[in-house]
Amino acid sequence: MEKHFQPDILKDLHVVVTGGGSGLGRSMAMRFAELGAAVTIGGRRPEPLAETVAAIREAGGRAEGIELNIREVEAVETFIAEAEKRQGNVTRLVNNAAGNFLAPTDQLSPNGFDAIVKTNLYGSFYATQAVGKRWIERQEHGAIISITTTYTQFGSAFLIPSAASKAGIEAMTKSLAAEWGCYGIRLNCIAPGPFPTPGAWERLMPDPKLEAKMMNRIPLKRHGEHRELTDLATFLLSDISSYCTGAVFTIDGGEVLTSGGEFNFLTELPREQMLAAFSKMRK
Ligand code: HXC
């Protein structure tokens with residue numbers, strides 16, 4: 001069965017996507033534009049920005065790309081002001097820009113920690129505040145999505161700047177959902193499991209054998225398709241989700257359930273062997 005939104009579901013929206021030139025940000029920007037939104041994407045590298053803007057326009061969508069270093073508060077303010085100059089009031093924000101790498105924590109330099117935490121947590125705060133204060137001042141409703149991760153729940157070895165900063169984003173989201181709900185501003189997080197992108201996958205998946213192992217522990221036995229994530233994001237930006245705020249939406253094929261459960265590894269045994277083992281343990 002084909003699954004579709006109304007083709008113009010986002011038509012009245014101006015959506016800003018940070019880190020929108022590549023990876024999941026690019027996929028979201030493409031999908032939002034396809035569904036009628038004007039999209040402004042920000043990022044550090046001009047080439048991916050230009051390529052994504054060209055692809056959106058070629059498909060008949062509205063897009064602008066503006067260079068942005070999300071770690072600098074003044075740059076974020078200028079970025080939002082410029083986005084509004086080009087395409088009118090921003091009505092939705094997706095905090096997507098993120099950095100990450102695998103490193104043993106005893107060898108992590110202060111600069112390495114800063115690079116990730118400033119990009120993820122500070123950058124999301126800067127952008128959220130820049131749009132939120134405008135909406136409150138102008139008495140406009142709005143919605144914000146932040147892309148986090150499932151390892152905010154139980155942490156993850158070798159990824160502490162990412163885990164800590166994304167957990168901070170989730171706390172910020174819940175806090176602001178309470179503080180800004182009275183202004184009609186909704187904030188939610190999407191916590192994706194494995195959605196391969198060239199950037200993140202190369203950085204975080206050092207060996208194909210490990211990838212196979214990772215897929216095997218996912219109940220749905222596969223990685224996610226970008227369309228599955230972009231449709232969840234569309235739902236959260238649109239008014240269909242008008243009663244959702246302060247929530248973290250996990251989209252991971254069930255991965256977090258199996259990686260967090262102490263005895264979940266027993267699902268790897270063939271069923272007959274598992275039943276035999278259980279029955280032997282029965283008094
Ligand atoms: C150890 C590292 C490092 C690495 C950088 N550093 N990479 N340390 N291992 N692999 C350290 C550097 O040594 C330096 O510290 C400091 O970090 C800053 O490094 P720079 O080279 O100056 O890079 P910078 O431009 O500041 O940015 C670093 C970066 C960047 C943030 C990691 O590569 C980046 O912007 N990546 C964005 C793309 C990305 O990773 N997206 C994927 C997110 S996916 P010193 O002390 O030497 O000065 C995600 C989801 C995961 O988060 C879920 C998957 C299942």
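The values are calculated or read from the model by the stated rules, or taken from the named source; none is laboratory data. Quantities reported herein were computed from a predicted structural model and do not represent experimental measurements. Positions of Cβ are backbone-derived with ideal geometry, glycine not excepted, and every protein chain shown enters the neighbour counts. Note: areas computed on protein heavy atoms with side chains; ligands, DNA, RNA excluded. Shrake-Rupley method; radii C 1.70, N 1.55, O 1.52, S 1.80 Å.
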accessible surface per residue for the range 55-121, probe 1.4 Å, DNA/RNA/ligands not counted, whole Å² -> 51 Å²
Reported to the nearest 10 Å², residue 190 has, with a 1.4 Å probe, an accessible area equal to 0 Å²
Honestly the range 102-253 on the Cα gyration tensor test (a ≥ b ≥ c root eigenvalues; a/c under 1.5 rounded, otherwise a/b vs b/c for prolate or oblate) is just oblate
Accessible-area order for 92, 26, 227, largest to smallest, probe 1.4 angstrom, reads 227, 26, 92
The alpha-carbon center of the range 76-123 and that of the range 158-212 are separated, in whole Å, by 12 Å
Normalised Cα Rg of the range 60-124, dividing by 2.2 N^0.38 Å with N its residue count, works out at 1.40
Counting only protein heavy atoms with a 1.4 Å probe and every protein chain in place, the carbon and sulfur fraction of the accessible surface of the chain in whole percent equals 55 percent
Answer in debye to the nearest 20: the dipole magnitude of the chain about its Cα centre, from +1 Lys/Arg and -1 Asp/Glu charges placed on Cβ, is 700 debye
The chain, Gaussian network, Cα under 10 Å: of 28, 214, 172, the residue fluctuating most is 214
Taking only protein heavy atoms and a 1.4 Å probe, the highest-to-lowest accessible-area order of 58, 77 is 58, 77
Note to self: with every protein chain in place and a 1.4 Å probe, the range 153-280 gives an accessible area per residue in Å² of 57 Å²
SASA check, residue 106, accessible area w/ 1.4 Å probe, all protein chains in place, rounded to nearest 10 Å², comes out at 130 Å²
When the chain is treated as a Gaussian network with springs between alpha carbons less than 10 Å apart, the largest mean-square fluctuation among 240, 251, 145 is found at 240
